[in-house]
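Structure first, then comments.
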Amino acid sequence: MQGPELFEGKRPEVAILHYTAPPVVGGVEAVIQAHAGIFTQAGYPISVIAGRGEEQALPPGASLTRIPEMDTQYSQVAHMSSRLEQGEVPPAFDDMVNQLIGALAPAVSRFDTVIMHNVFTKHFNLPLTAALHYLLDAGKIRRCIAWCHDLSWTSPSSRSKVHAGYPWDLLRTHREDTIYVVVSEQRQQELATLLGCLPGQIRVIYNGVNPGTLLGLSPGGDALVSRLGLLESDLVLLMPVRVTRAKNIEYALHLVAALKARGCRPKLVVTGPPDPHDRDSMAYFQGLQKLRGQLGVEEEMRFVFEAGVDSEHPLMIDEQVVGDLFRVSDVMFMPSRREGFGMPVLEAGLVGLPVVCTEIPAAKEVGGQDVTMFDATQDPSQVAEQLLIWAERTPLHRLRRRVRQVYTWNAIFDRDIKPLLDGDGGL
């Protein structure tokens, strides 16, 4: 079986297998939770197979199959493990392996792909490891992905607990019928050396983050961030203002055009609406839309007002969603000609967002030397150049940009995991 045509026309059914599952707390369990969520969101039927866990702790749509003997704390397994760590194979070892084979066979045989976390490289339940090897040999598992977070044979804390011979050698046995995945290039080299294979035979898929959870986004804010494509952008500028001439939004449009011309992928978001009852406000808004088209920055500059489901239903957002946008953005930008006070300066300061603005009262009196000010008569291309210099010289921004573009679970799934699930894995 080879190539992405393996599952053409349907979503493969996937099982995620581990000793334990959420709500058990652990690094691997957190990855399983994230995988189950992103898989189901993408429409893949998901079941978790574990020795301990609760289905209600998994994302909606994911099911749980419990096989108690898979748990490292299962009494017989725990007793065997203590003796195995001393180099002794207990007399009942084969019986436990057979017991697990009987329990696992119907559970794993119905899935297109089984993802096994750590059980092929960690010593925590060697009867389980042996049972899975047997099921692979017997053809009961159609397609196996061994997701290897940790390796007992190379770990300073675990190396003394594994010994030459069966069953410990299973943890350093390379299987041609298995796709190996590790979480870093260092681990790739380590596992390749251990298994005696080429590093290129082992895939590197990093762990990721969920921006919505980490940044505390509301459901509405999370959906808006996705709709506007903010996480994929190089530089997100936020203008938390209403659409009035005093805000000098046309200056921001020229700035965005200058950023785009320099190879940057910016996003400018204006949160407030025009006043539908004020002719001048609506005329200004329509003029900005026309200017945006002339400058070729329709995708780069977005009014939240026009980000509704259709043109007949303009989008109005509350303070919570505005707060979400503050936490996602890189710079609070205010090119205002005048402000009575300039509350966004305080709001940006509270969330740690750099402020770039004209000399408005709050900036001078409250922000002082801690905000970046410019003259509204300054050429927007000069301000754009200064912003790019700041972005490239600031390690915090560079890391933030790289994480949101490359290391979110959505990005990792689309780039690395989905092709693997769909059959692009060499098996």
Note to self: Could you tell me the calculated FRET efficiency between E298 and Q189, based on Cβ-Cβ distance and R0 = 56 angstrom, to the nearest 0.05?
What the structure shows: 0.75
Checklist line | Given [x] 27.4, 88; [y] 23.5, 88; [z] 21.0, 66, the label whose value is Rg and Dmax of the Cα atoms in Å derived from this model | finding: [x]
Check: Among the lysines, which have Cα under 20 Å from the Cα of K260 when same-chain residues fewer than 8 positions away are ignored?
Finding: K290
Next item on the list: Using the structure shown, list the pairs from K10/K140; K267/K364; K161/K418 with a Cα-Cα distance above 31 Å, or answer none.
Entry: K161/K418
Check: Dimensions of the stretch 115-271 along principal axes (Cα, Å, largest first)?
Finding: 78, 33, 32
Next item on the list: Note down the nm distance, to one decimal, between modelled labels 7 Å out along Cα→Cβ at L350 and at R400.
Entry: 1.8 nm
Notebook entry, point to check: For T358, which sequence-distant residues (separation of 5 or more, or a different chain) have an amide H within less than 5 Å of its own amide H, given hydrogens modelled in the peptide plane?
Noted result: M334, S336, F374
Item checked: Contour minus Cα-Cα distance for A223 and K10 (0.36 nm per residue) -> 74.0 nm
Checklist line | Kirkwood Rh in Å, taken over all unlike Cα pairs in the stretch 283-426 | finding: 18.3 Å
Next item on the list: Provide D278, D318, D324 in ascending order of the number of other Cβ atoms located within 10 Å of each residue's Cβ, fewest first.
Entry: D318, D278, D324
Next item on the list: Send over the per residue convex hull volume for the stretch 44-161, Cα only, as a whole number of Å³.
Entry: 112 Å³
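Quick note: the coordinates plus some simple rules give every number you see, no bench work behind them. Note that this is a predicted model, so its numbers are computed, not measured. Neighbour counts run over all protein chains shown; Cβ positions are idealised from the backbone, glycine included.
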